[in-house]
Amino acid sequence: LKDAGFRSVSVLDGGLYAWQQAGKPLVGDPMAQARLDRMSAGELFAERLYTGWLVVDATAKGIPADLRKWLPGNIAPARQKTANEQVAAIRAVVARQRQANARLNVLVVADSDARYERLDAALAKGGTGPVLYLEGGLSAYRAYVNQQVAMWAQQNQPPRFPSCRS
């Protein structure tokens, strides 16, 4: 932006979600504002090599090994039997890891979106700080990764031309 002539340029640490959580004003579509705590599969895929992420595994059976390689390396489990136990586990792991890195970005990953509403309400009360949720859950991320892998495989194939018919 500076190269394009803008003089006053800043990077908002934590993005609009952190701005909103700090009680700062936002204007625009209220429906879009309600989804600021969601991270799309494409955004996660683009951020997967960034070391400033903590992925909290809130899935029922754990993140499969074949999908772990497509996630940031810092993954902590929080798969307890009850919702209250899971919230307590998430709070504990986030607090522990934020002691070492206060600017840590936290992404909670569940199997689908259905679990996030309950977790978000409970985590917001506990002062866990900004927490993002993977939109569509792990199933959406798997579909996105499979799509990317298929596109890369296609790029490595020689071009196919239709046969000539006379």
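For Lys24, a cut-off of 28 angstrom between C-alpha atoms picks up these lysines, skipping any fewer than 8 places away in its own chain: Lys2, Lys125. Estimated from helices alone, the mean residue ellipticity of the chain at 222 nm is -12500 deg cm²/dmol (sum of -39500 (n - 2.57) over DSSP H runs with n ≥ 4, per residue). 3J(HN,Hα) along segment 56-64: 9, 7, 10, 7, 6, 10, x, 7, x Hz, from the Karplus curve 6.51 cos²θ - 1.76 cosθ + 1.60 with θ = phi - 60°, whole Hz, x for Gly and Pro.
The angle between the Cα long axis of helix 137-155 and the longest principal axis of the Cα atoms of the chain comes to about 30 degrees, rounded to the nearest 10.
The phi torsions of segment 121-136, fed into the Karplus equation with coefficients 6.51, -1.76 and 1.60 and a -60° offset, translate into couplings of 4, 6, 5, 5, 6, x, x, 5, x, x, 10, 9, 10, 6, 4, x Hz, rounded to whole numbers, with Gly and Pro shown as x. Ignoring ligands, DNA and RNA, what percent of the 1.4 Å accessible area of the chain is carbon and sulfur? C and S atoms contribute 54 percent here.
When Rg is the radius of gyration of the Cα atoms in the chain and Rh is its Kirkwood radius, what does Rg/Rh come to? Please report the intermediate quantities before stating the final value.
Working: Rg = 19.5 Å, Rh = 18.0 Å.
Over the Cα atoms of the chain, Rg/Rh equals 1.08.
Full extension of the chain between Asn146 and Glu85 gives 18.7 nm of extra length, using 0.36 nm per residue less the Cα-Cα distance. Label positions at Arg35 and Arg96, each projected 7 Å from the Cα along the C-beta direction, are separated by 3.4 nm.
Of the trypsin sites (Lys or Arg not before Pro) in segment 66-98, which ones lie in a loop per DSSP and count no more than 14 other C-beta atoms within 10 Å?
Loop-located and lightly packed - Lys69, Lys81.
For the chain, the solvent-accessible area works out to 66 Å² per residue, with a probe of 1.4 Å and every protein chain left in place.
The values are calculated or read from the model by the stated rules, or taken from the named source; none is laboratory data. Treat the numbers as computed from the prediction; the structure is a model and nothing was measured. Note that we place each Cβ from the backbone using ideal geometry, even for glycine, and neighbour counts take in every protein chain shown. Accessible surface is based on the protein model in full, side chains and every heavy atom, while ligands, DNA and RNA are left aside. Shrake-Rupley method; radii C 1.70, N 1.55, O 1.52, S 1.80 Å.
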